[in-house]
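Q: Here it is: the structure, laid out below.
The values are calculated or read from the model by the stated rules, or taken from the named source; none is laboratory data. Since the structure is predicted, the reported quantities are computational estimates derived from the model, not experimental observations. Cβ: placed from backbone, ideal geometry, glycine included. Neighbour counts: every protein chain shown. Ligands, DNA and RNA are stripped out before the accessible areas are found, and what is left, the full protein with its side chains, is counted by its heavy atoms. Shrake-Rupley method; radii C 1.70, N 1.55, O 1.52, S 1.80 Å.
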Amino acid sequence: MVLSGGGSSGVSHIGVLKALEENNIPIDYITGTSMGALIGGLYAAGYSPNEIEQIFLSNQFKDWAEGNLDEKYVYYLRKKDETPTIITFKIDLDTLLETSLPTNLISPVAINYGLMSYFAPSSAIANNNFDSLFIPYRCVASDIISKTTYVFKKGKLATAIRSSMAYPFYLTPIPYKGMLLFDGGLYNNFPADVMYNDFSPDYIIGSNVSSNFEMPDEDNLVSQIKTIISDNTEYNIPEDIPSTLIKPESSDFSLFDFDSNEELIQIGYDATMKQIVAIKKGIQRRTDIFELIEKRKQYKKKLPKLIFEDVEVEGMTDAQNKYVRKSLRFKGKTVSAESLKSEYIKVSSDDKIKKIYPQAEYNKESNLFTLKLKAKKEKDLFVSFGGMFSSRPISEAYIGLQYNILSKTAVSLLANTYFGKLHNSVSVGFRLDFPYKIPFYWKTTYTIDGWDYFKSSSTFFEDTKPSFLVINDQYFKTELAFPVAYKGKIIIDGIAGEMINNYYQTKQFLSTDTTDKTRFRDYSVGLHFEQNSLDMPQYASKGSFISFGIRYVKGEEYDRPGSTSVIKDEFDTILDWARFKMTYDKYFKISKRIRLGVFGEGVYSNQPFFNNYTASVLSAPAFQPVSESITLFQENFRAHSYFAFGIKNIYQIFRNTQLRIEGFVFQPHQTILQDPNKKAFYGRVWDDPQFIFASSLVYTTPLGPIAFNANYYDRYEDHWSFMFHFGYIIFNKKSLN
């Protein structure tokens, strides 16, 4: 059996194998390239066509093809703060920029571990000899250094197959014995010659879903590169041997479209059945299906279970290797591949590690395996660019810097800046990640944050009216965080800072008027728990977010009245309070296209009033459930204590397009009101609920969301707000938040 490469079209080979087995056609040897190497390798390792089909129809395979990690194992403790980054360049300071350009479209982490898990037992029992597998096997890869085909006859089966699948710019190549191996289809996409030379069979059945490249398009870079690096393949079988060539009609499917695997398998099955009579005439021998099933059963009984007794890390300095080894938290004397998978994904998602290639080394004496990890350090400097463009005057640009120093402990030096009409900010700091038995990180930052709110939410088609509120916030923050499972963390923090608010206590003011000024120098300590498995920072539709915690704040308020203030005396006092806050945001799948989100938030605080109404409202917790509300100063959605509830209806129109209809109710315990002297006082208990209705049409791109919003805010100055934006509406956090 010879199986060609061909990307997603190669899934048709599974149907070919199904049809042949159902008709008792024996398969004594198998060779393959790329996708044919994977399917042929699974068959050679003792997996039946039905088992291979289930693998390819699983969510696991979809994650392989798209480079997705199992999100439940991505370590939340190691994730950095969310930013509006669009693109990140990773640079070695002592090398040229060309080494910092991306070399692959998808992450190979999931498929690397998956291939090892599927093939390590068969490699072990065969002593890494492909002739001793359930079916003797060969696959081919392309060495781009010598520009020749490399035929795998022995070695780690997973490494051979992964090398044969390393499609340029899609999956990273594999370094092997001084070679750099790419997809076997570059030089030999249909290894019938390998079958003929290595096994001398008396009959060859070929399954081909590929062809030589057509004339490259002058506007299509990928087609040009394919032509430059690839050789033409002879898609035929040597004439001096009886053969049948099956050609499943799967050319209409794009190279990396793995959403139609069931249909592709059926195409391969149907194409084989059309030629089954000719195949039976050419092959007289038959395989009894029950004998084949029993033979597979006995073969699998001999396979050792993939249980690891140790982990070894190489490829970096001793200290860096120890960082990875400790991060894995190898528990007990032995651990299963499935249990260790979570730790492998956790370490692979660390942004200071570029890649970790896993291999399972079999120990015949213990009948156990050692997980050998070939690690490579990520580049030193990350430079991120991003921001958000909006039809309202809230657009911003973002630049982020991160310099990594990896030893027994990982150190990240951090800096970022935001600049726009609404928000400007600079933040610098450091973060240390400790891979101890109970891992944790220590992070310290200094942030200068400025907010300039406008008298109206004008669009870029109108002149922006004068500012009525300017907030300048600067603070030091230090925090320790400890993990809770994979998606949670407990944070202990301390903040010391100064917030200066300049504002008018009326919206009717002249350019000659001076603002009131409230300065609050404070320190606070906080303890809170956070668990996050949302699929996106904004416009999420999967996962959940849970947060609850307490903060104690103490500080000195200094108030200097402006020309529009009723009270003319300066004011100075000490204030302190405690605040408890809890947020819950979870999404449920109702049907294939419909999801339901449930949102809840509650705050309880004994916070006192500041000297005047505006200063009191500014320091009060704000309810901001939709992305736009972060950019608005809405007095009626602020209170010292409140609870809020919301429902989100999400309809998935297309794969990357969703329509969201959301509604929220905000119920303050007591509304903050102002008297004729601009002093704050409380309204009646559980009175005056407020409502927000939001609708969004969102298209998700790799660079960020493109969204059209129509929002209604109850009892706000401008009830309706219409906005377009591209990018995430994310800012540095305020000190009191």
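Q: Looking at region 71-78, is at least one residue over 14 Å from the mean Cα position of the chain (by Cα), closer than 27 Å to LEU381 by Cβ and touching a residue at least 40 places away in the same chain (Cβ under 8 Å)?
A: The answer is yes, given that some residue of region 71-78 is over 14 Å from the mean Cα position of the chain (by Cα), closer than 27 Å to LEU381 by Cβ and touching a residue at least 40 places away in the same chain (Cβ under 8 Å).
Q: Can you list the strands (runs of 3 or more DSSP E) found entirely within region 659-731 that contain at least 3 residues being among the hydrophobic types (A, V, I, L, M, F, W, C) and touching a residue at least 60 places away in the same chain (Cβ under 8 Å)?
A: 690-701, 720-726
Q: Report whether or not GLY41 is touching a Cys at 6+ places or on another chain (Cβ under 8 Å) and either at pLDDT 85 or above or aromatic (Phe, Trp, Tyr) (or both). Spell out how you get there, then give the answer.
A: On the way: touching a Cys at 6+ places or on another chain (Cβ under 8 Å): yes; either at pLDDT 85 or above or aromatic (Phe, Trp, Tyr) (or both): yes.
For GLY41, the condition - touching a Cys at 6+ places or on another chain (Cβ under 8 Å) and either at pLDDT 85 or above or aromatic (Phe, Trp, Tyr) (or both) - is met.
Q: Which of the residues belonging to region 23-79 are among the small types (Gly, Ala, Ser), in a loop (DSSP other than H, G, I, E, B) and either farther than 19 Å from ILE267 by Cβ or open to solvent by 30 Å² or more (accessible area, probe 1.4 Å) (or both)?
A: ALA45, GLY46, SER48, SER58, GLY67
Q: Output the number of residues of region 123-153 satisfying the condition of being in contact with an Asp or Glu (Cβ under 9 Å, 6 or more places away or on another chain) and more than 26 Å from LYS364 (Cα to Cα).
A: Of the residues in that region, 6 qualify.
Q: Among LYS153, LYS147, which is more than 27 Å from LEU373 (Cα to Cα) and either open to solvent by 10 Å² or more (accessible area, probe 1.4 Å) or of a type in the set (D, E, K, R) (or both)?
A: Within the list LYS153, LYS147, the selection yields LYS147.
Q: In region 697-720, which residues are closer than 24 Å to PHE643 by Cβ and open to solvent by less than 10 Å² (accessible area, probe 1.4 Å)? Steps first, answer last, please.
A: Within region 697-720, the first condition is being closer than 24 Å to PHE643 by Cβ, and the residues that meet it are 711-716, 719.
Correct list: ASN711, TYR713.
Matching residues to (1) of a type in the set (Gly, Ala, Ser); (2) free of Cβ contacts under 8 Å to residues at least 24 places away in the same chain; (3) open to solvent by 10 Å² or more (accessible area, probe 1.4 Å); (4) farther than 25 Å from ALA578 by Cα:
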residue	(1), (2), (3), (4)
LYS487	no, no, yes, yes
ILE500	no, no, yes, no
TYR503	no, no, no, yes
ASP513	no, no, yes, yes
ASP516	no, no, no, yes
ARG519	no, no, yes, no
HIS528	no, no, yes, no
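Q: Would you tally the residues in region 296-333 being more than 30 Å from ASN50 (Cα to Cα), free of Cβ contacts under 8 Å to residues at least 60 places away in the same chain and more than 28 Å from the chain's Cα centre (by Cα)?
A: Residues in region 296-333 being more than 30 Å from ASN50 (Cα to Cα), free of Cβ contacts under 8 Å to residues at least 60 places away in the same chain and more than 28 Å from the chain's Cα centre (by Cα): 3 in total.
Q: Pull out all pairs, ordered by first then second residue, where Cβ-Cβ is under 8 Å, the residues are six or more apart or on different chains, the first lies in region 190-202 and is among the hydroxyl-bearing types (Ser, Thr, Tyr), and the second is crowded, with 23+ Cβ neighbours inside 10 Å.
A: none
Q: Could you check, for region 272-287, whether at least one of its residues is touching a strand residue (DSSP E or B) at 6+ places or on another chain (Cβ under 6 Å), modelled with pLDDT of 95 or more and closer than 27 Å to ALA65 by Cβ?
A: The answer is yes, given that some residue of region 272-287 is touching a strand residue (DSSP E or B) at 6+ places or on another chain (Cβ under 6 Å), modelled with pLDDT of 95 or more and closer than 27 Å to ALA65 by Cβ.
Q: Among the residues of region 471-485, write down those that are of a type in the set (Gly, Ala, Ser) and open to solvent by 30 Å² or more (accessible area, probe 1.4 Å).
A: ALA485
Q: Let me ask something else about it. Do you know which of the residues in region 156-194 that are charged (D, E, K, R) and open to solvent by 10 Å² or more (accessible area, probe 1.4 Å) is nearest to ILE39 (Cα to Cα)? If you could, list the steps in order and put the result at the bottom.
A: Taking region 156-194 and keeping what is charged (D, E, K, R), we get 156, 162, 177, 183, 193.
Then drop every residue that is not open to solvent by 10 Å² or more (accessible area, probe 1.4 Å), which leaves 156, 177, 193.
On the way: LYS156: 16, LYS177: 25, ASP193: 19 Å.
This residue is LYS156.
Q: Test TYR642 against the stated conditions and say whether it is open to solvent by 20 Å² or more (accessible area, probe 1.4 Å), in contact (Cβ under 8 Å) with a residue 12 or more places away in the chain, among the aromatic types (Phe, Trp, Tyr) and farther than 19 Å from PHE722 by Cα.
A: no
Q: Give ASP143, ASP131 a once-over and let me know the one that is among the charged types (D, E, K, R) and at pLDDT below 95.
A: Of the residues listed, the single one that is among the charged types (D, E, K, R) and at pLDDT below 95 is ASP143.
Q: I've got another one for you. Restricting attention to region 166-178, which residues are more than 14 Å from TYR357 (Cβ to Cβ) and either of a type outside the set (D, E, K, R) or part of a helix (DSSP H, G or I) (or both)? Walk me through how you get there before you give the answer.
A: Residues of region 166-178 that are more than 14 Å from TYR357 (Cβ to Cβ), as a first pass: 167-170, 177-178.
Those that are more than 14 Å from TYR357 (Cβ to Cβ) and either of a type outside the set (D, E, K, R) or part of a helix (DSSP H, G or I) (or both): TYR167, PRO168, PHE169, TYR170, GLY178.
Q: Another question, if that's okay. Residues being assigned to a strand (DSSP E or B), over 24 Å from GLN658 (Cα atoms) and open to solvent by less than 80 Å² (accessible area, probe 1.4 Å): count how many of those fall in region 588-609.
A: Going through region 588-609 one residue at a time, the tally reaches 4.
Q: To continue, here is another question. Give me the residue from region 530-544 that is open to solvent by 40 Å² or more (accessible area, probe 1.4 Å) and of a type outside the set (Ser, Thr, Tyr) and, out of that set, nearest to ASN472 (Cα to Cα).
A: Here the answer is PRO537.
Q: Kindly evaluate THR83 against the criterion of being closer than 23 Å to PRO537 by Cα, in contact with a Phe, Trp or Tyr (Cβ under 8 Å, 6 or more places away or on another chain), of a type in the set (S, T, N, Q) and at pLDDT 90 or above.
A: It is true that THR83 is closer than 23 Å to PRO537 by Cα, in contact with a Phe, Trp or Tyr (Cβ under 8 Å, 6 or more places away or on another chain), of a type in the set (S, T, N, Q) and at pLDDT 90 or above.
Q: Suppose we filter GLU365, GLU338, GLU343, GLU361 for residues that are of a type in the set (D, E, K, R) and touching a Ser or Thr at 6+ places or on another chain (Cβ under 7 Å); which single one remains?
A: GLU361
Q: Here's another thing I want to ask about it. On the basis of being over 29 Å from ASP516 (Cα atoms) and aliphatic (A, V, I, L, M), does ILE692 make the cut?
A: yes
Q: Working only within region 319-337, note down all residues that are charged (D, E, K, R) and either touching a helix residue (DSSP H, G or I) at 6+ places or on another chain (Cβ under 9 Å) or at pLDDT 95 or above (or both).
A: If the condition is that a residue be charged (D, E, K, R) and either touching a helix residue (DSSP H, G or I) at 6+ places or on another chain (Cβ under 9 Å) or at pLDDT 95 or above (or both), then ARG329, LYS331 are the ones that fit.
Q: Next question. Could you go through region 412-424 and let me know if any residue there is farther than 28 Å from TYR118 by Cα, open to solvent by less than 20 Å² (accessible area, probe 1.4 Å), in contact with a Lys or Arg (Cβ under 9 Å, 6 or more places away or on another chain) and in a loop (DSSP other than H, G, I, E, B).
A: Scanning region 412-424 turns up at least one residue that is farther than 28 Å from TYR118 by Cα, open to solvent by less than 20 Å² (accessible area, probe 1.4 Å), in contact with a Lys or Arg (Cβ under 9 Å, 6 or more places away or on another chain) and in a loop (DSSP other than H, G, I, E, B).
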